[in-house]
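Trainee: Okay, handing you the structure first.
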Amino acid sequence: MRESVSYGVRNSVAVLTLNSPPVNAMGQTLRRALKTHLETALADDSVEAIVLTSCGKLFSAGADIGEFAAGVFTAEPSLPGLFDQIEASPKLVVAALNGGAFGGGLELALACHYRYVVPEAQLGFPEVSLGILPGAGGTQRLPRLVGAQTALEMITSGRPVSAYAARKSGLVDELHSGEEEFVSSAVGFTRLLLKEGAPLRSCRRLSVDLTKLPDGYLRQFRDEVALRSKGFYAPLRCVQAVEAACTLPFREGLKREAELFLECLHTPQARAQQHLFFAERECATIPDLSKKTRPRVLKLVGIVGAGTMGGGIAMAFVDAGIPVRLLDKDKESLERGMNVIRDNYHNSVLRGRLTCEQVEARMALLQGTLFFDELGDADLVIEAAYENMAVKKEIFATLEWICKPGAILATNTSTLSVDEIAAATARPQDVIGLHFFSPARIMRLVEIVHGSRTAPEVVVTALEMAKKIKKVGVVVGVCFGFAGNRMLEPYMREANRLVLEGASPERVDRVLTDFGMAMGVFSMADMAGNDVGVQIRQSRPDQYRHDPSFFLISDRLYRMGRFGQKSGRGFYGYQGRNRIVDPEVNALAEELAASLGIRRRPIDDVEILERCLYVMINEGAEVIAEGVAIRSGDLDVIWCNGMGFPVFRGGPMQYADEIGIDGIVAGIRGYRQRLEEYGAKWFTPSPLLERLAQEGKKLGQFRKGQQP
Ligand code: 3HC
């Protein structure tokens, strides 16, 4: 059996090599092996020093995240205990980082006396994005080594730093260079330290240099973190842990870190964020696809439509270094689209995110065209044209004619049937939906719509494409609105209905943003434009399962020319980007409620939140019961990456699991009774939710084609 840490001795230096693919996560087995080999090296008189390295492409991704929920994380040997033992070693210990070191992996390196690193390595503490903080000495050792400012920045942002930056800050002692094989070179570095009589430099003996900190720095940093991480629990605890390093002796600081770590670990937020970590990775596992399915080559992308969506998609590809041909039907539209892209890049330069040279390199990858023929050699063509079936069918008929055999033909439709579009071609196996979310360059989500005849390798290529352009691809089946927009519809319906029943739009929005949604329903409608919603509803009345009266306010605002932000008035008034509450909208709601015979009444915040969320969760349960989504985690990834659901709640389905499915079902039944005729029509628990509630199970246990 493969050992998770291997042991060898070179030139009187013991080399301990982490070997636990794929990422050397430090689960209990690896910890045990590391401890055993460490003690062997310490006991062997012929060993003068120890090098810790790994044989993977990473040094280590840190603690095994799966152990947190399983409760094994604290099992002996614990990471803090092991790192203490390493730091206290009477023999010199050098961390030889052959690749990235994250979280506990970096804490392991910090416990060593010196760090020798390959220049490509990234080093970071991503714990904050898992709802926790570095809990194996990282918050105490890092500031002692590099100062409070750098430590606070790294620990509260979760962003890794390059090996060069780490060398500059003092986190890394030496960068590997030259031709010599890395481990030999690390052993050479260690021998040199021995020869020079270098001290056993342990962080615990250092104290944080506070003399260079500007006055009031810690307080100011804490306030900034509170502001930028509103709703999140862990970031402020990260600050408190580093503050402990600044004010307490090492041992007491470690104790404080451990308390704060456990406080974070046992929050619903930590469970939610760790759920999302695994859910994002599980999205790429498609049960019906053989692991042997290979993706098609993707070297050149064509995009049809240079509007906001097409331009954003084009930027996402060129940002990833993939050449794009961007087509529009007339010169004016094409020029406008290309200019918007250039302006966006120009803004990135102004914000210091890109250099002028980088922008030019990206623009060089982008070629505008007016001729379909020029898309003939593209490996993937994404249609991002007007949301109209006739228009799309015409485009696909042309693409079929001009595109080379094996090219993938994708539509960015948000509502139309991918199967119907595919049927308009003689190669439906090559047709797929790639539903990007606006703004396409920024939003991480791509819904990959698997048509009934889409070939397996086309799906695999789409998943790989999403990864290449740094997005998260979620495979969904064909239905109106796919997964995300389908769940959005009842959520919006309920918000609109609540306004008719007596809650103001700003109140509904405030309840939703207090919960953590990036935007309220009505601010979102104003941003997208009321005209867009009206056009979609008018184009597909057959697909709207409910009474259009729920969108009466929106329709009336549209008829009044109040399209939202673009026209300066919608559900709100606008002065520039500032939102102003408009009493006319409430008056309109009163008038419409009276005409529909809806009794207006005071509505409390709990009811607003529950009704909006419960119908969304209920629809999500239907989406997975029908097999449109493969598992509930996929819906959470969709909502947190494309629809502004708060990451610290882990997505709507995780939220349901956290508060309990039986509570959701009871709530839906309660509203069914309380809301009388309306409730009877719209509040029926999904059979899947009812079954899970009866059996005391969670949505997270459900997988397509399997009984939970
Ligand atoms: N624990 C458990 N599993 C992990 C893991 C971890 N720390 N890191 C990655 N994995 C798993 C993934 O789930 C995935 O599993 P799968 O193949 O079954 O889906 C597999 O390893 C490969 O991961 P990726 O697909 O993410 O691989 P990449 O090469 O794209 O990325 C990475 C590598 C950048 C290291 C990325 O995996 C990552 O960010 N990992 C998490 C790093 C992290 O958050 N570390 C902190 C852990 S908490 C901690 O250390 C607490 C300590 O302070 C006490």
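The values are calculated or read from the model by the stated rules, or taken from the named source; none is laboratory data. Every value quoted in this text rests on a predicted model; they were computed, and no experiment measured them. Ideal geometry is used to build each Cβ from the backbone, glycine not excepted, and the neighbour counts take in all protein chains shown. We work out accessible area using only protein heavy atoms, side chains counted, and drop any ligands, DNA or RNA first. Shrake-Rupley method; radii C 1.70, N 1.55, O 1.52, S 1.80 Å.
Trainee: Pop a pseudo-label 7 angstrom from the Cα along the beta-carbon direction at both residue 180 and residue 75 and give the gap in nm to one decimal.
Mentor: It is 4.0 nm.
Trainee: Next question, about the same structure. Express as a percent, rounded to the nearest 5, the fraction of DSSP beta bridges in the chain (both residues included) that run antiparallel.
Mentor: Numbers: 19 of 63 bridges.
Just about 30 percent of them are antiparallel.
Trainee: Find the centroid of the Cα atoms in the stretch 1-69 and in the stretch 84-156, then give the distance between the two in whole Å.
Mentor: The stretch 1-69 and the stretch 84-156 have Cα centres spaced 16 Å from each other.
Trainee: Where in the stretch 1-47 are there trypsin sites (Lys or Arg not before Pro) that are in a DSSP coil and have at most 15 other Cβ atoms within 10 angstrom of their Cβ?
Mentor: Numbers: sites: 2, 10, 31, 32, 35; in loops: 2.
The qualifying sites are 2.
Trainee: FRET efficiency for residue 3 and residue 367, Cβ-Cβ distance as r, R0 = 45 Å, nearest 0.05?
Mentor: Details: r = 53 Å, r/R0 = 1.17.
Once rounded, the FRET efficiency stands at 0.30.
Trainee: Report the label-to-label distance for residue 192 and residue 168 in nanometres (one decimal), using points 7 Å from each Cα along the Cα→Cβ vector.
Mentor: Modelled inter-label distance: 2.2 nm.
Trainee: Within the stretch 5-265, what percent of beta bridges assigned by DSSP are antiparallel, to the nearest 5? Write out the running numbers ahead of the final one.
Mentor: Details: 8 of 28 bridges.
Of those bridges, close to 30 percent are antiparallel.
Trainee: Quick check: Cα centre of the stretch 569-584 to Cα centre of the stretch 647-666, how many Å?
Mentor: First find each Cα centre; the distance between them is then 33 Å.
Trainee: Per 0.36 nm of contour for each residue apart, how much would the distance between residue 536 and residue 350 grow if the chain were fully extended, relative to their Cα-Cα spacing?
Mentor: 63.3 nm
Trainee: Output the pairs from 329/392; 168/230; 404/470; 292/468 with a Cα-Cα distance over 23 Å in this structure; if there are none, say none.
Mentor: Violating the 23 Å limit, Cα to Cα: 168/230; 404/470.
Trainee: Something else now. Can you grab the distance from the C-alpha centre of the stretch 272-348 to the C-alpha centre of the stretch 455-496, Å, no decimals?
Mentor: 14
Trainee: Could you tell me which of 275, 56, 565 has its Cα farthest along the dipole of the chain towards the positive end, charges placed at Cβ (Lys, Arg +1; Asp, Glu -1), taken about the Cα centre?
Mentor: 56
Trainee: Leaving ligands, DNA and RNA out of it, work out the accessible area of residue 102 with a 1.4 Å probe and give it in Å² to the nearest 10.
Mentor: 50
Trainee: Separate question: Relative to the longest principal Cα axis of the chain, at what angle does helix 484-501 sit, 0 to 90 degrees, rounded to 10?
Mentor: 60
Trainee: Next question, about the same structure. So if I place +1 on the C-beta of Lys and Arg and -1 on the C-beta of Asp and Glu, and nothing else carries charge, what would the dipole magnitude of the chain be about its Cα centre? I want it in debye, nearest 20. Don't skip to the answer; put the middle values down first.
Mentor: On the way: 83 positive and 85 negative charges, 74 e Å.
Magnitude of the dipole: close to 360 debye.
Trainee: Quickly rank 169-179, 324-334, 296-306 as a protection proxy: mean count of other C-beta atoms within 10 Å, highest first.
Mentor: Values: 169-179: 15.9, 324-334: 18.2, 296-306: 21.5.
In descending order of packing, they fall as 296-306, 324-334, 169-179.
Trainee: Under a 1.4 Å probe, what is the accessible area of the stretch 505-638 per residue, stated in Å²?
Mentor: On the way: 5780 Å² over 134 residues.
For the stretch 505-638, the per-residue accessible area is 43 Å².
Trainee: Still on this structure, I have one more. Calculate one ³J(HN,Hα) per residue across the stretch 154-159 by plugging θ = phi - 60° into the Karplus curve 6.51 cos²θ - 1.76 cosθ + 1.60, and present them in order as whole Hz with x for glycine and proline.
Mentor: Couplings: 5, 6, 7, 8, x, 6 Hz.
Trainee: Taking 0.36 nm per residue of sequence separation and subtracting the Cα-Cα distance, how much length would be gained by fully extending the chain between residue 39 and residue 695, in nm to one decimal?
Mentor: Details: separation 656, 0.36 × 656 = 236.16 nm, distance 4.88 nm.
Separation in residues times 0.36 nm, less the Cα-Cα distance, equals 231.3 nm.
Trainee: May I pose another question? Return the distance in nm (one decimal) between the two label points of a simple spin-label model at residue 320 and residue 423, each offset 7 Å from Cα along Cα→Cβ.
Mentor: 3.1
Trainee: Could I ask something else about it? What number comes out for accessible area per residue over the stretch 5-265 if the probe is 1.4 Å? Units Å², please. Let's see the in-between values first.
Mentor: Numbers: 10670 Å² over 261 residues.
Per-residue value: 41 Å².
Trainee: Report, to the nearest whole %, how much of the accessible area of the stretch 301-476 belongs to carbon and sulfur atoms, 1.4 Å probe, protein only. Intermediate results must be reported in sequence, preceding the final value.
Mentor: Numbers: 4030 of 7410 Å².
So the carbon and sulfur contribution to the accessible surface is 54 percent.
Trainee: Now for a different question. For the stretch 435-448, just list the computed ³J(HN,Hα) in residue order, Karplus coefficients 6.51, -1.76 and 1.60, θ = phi - 60°, integers in Hz, with x standing in for Gly and Pro.
Mentor: Whole-Hz 3J(HN,Hα) from phi for the stretch 435-448: 8, 7, 10, 8, x, 5, 6, 8, 5, 7, 8, 10, 7, 9.
Trainee: Tell me, what ³J(HN,Hα) does each residue in the stretch 616-626 have, in order and in whole Hz, if you take phi through Karplus 6.51 cos²θ - 1.76 cosθ + 1.60 with θ = phi - 60° and put x for Gly and Pro?
Mentor: Per-residue couplings from phi come out as 5, 5, 4, 5, x, 4, 5, 4, 7, 4, 7 Hz.
Trainee: Please give the per residue volume of the convex hull enclosing the alpha carbon atoms of the stretch 484-701, rounded to a whole number of Å³. Present the calculation step by step, with values, prior to reporting the outcome.
Mentor: Numbers: hull volume 25.9 nm³, N = 218.
For the stretch 484-701, the hull spanned by Cα atoms encloses 119 Å³ per residue.
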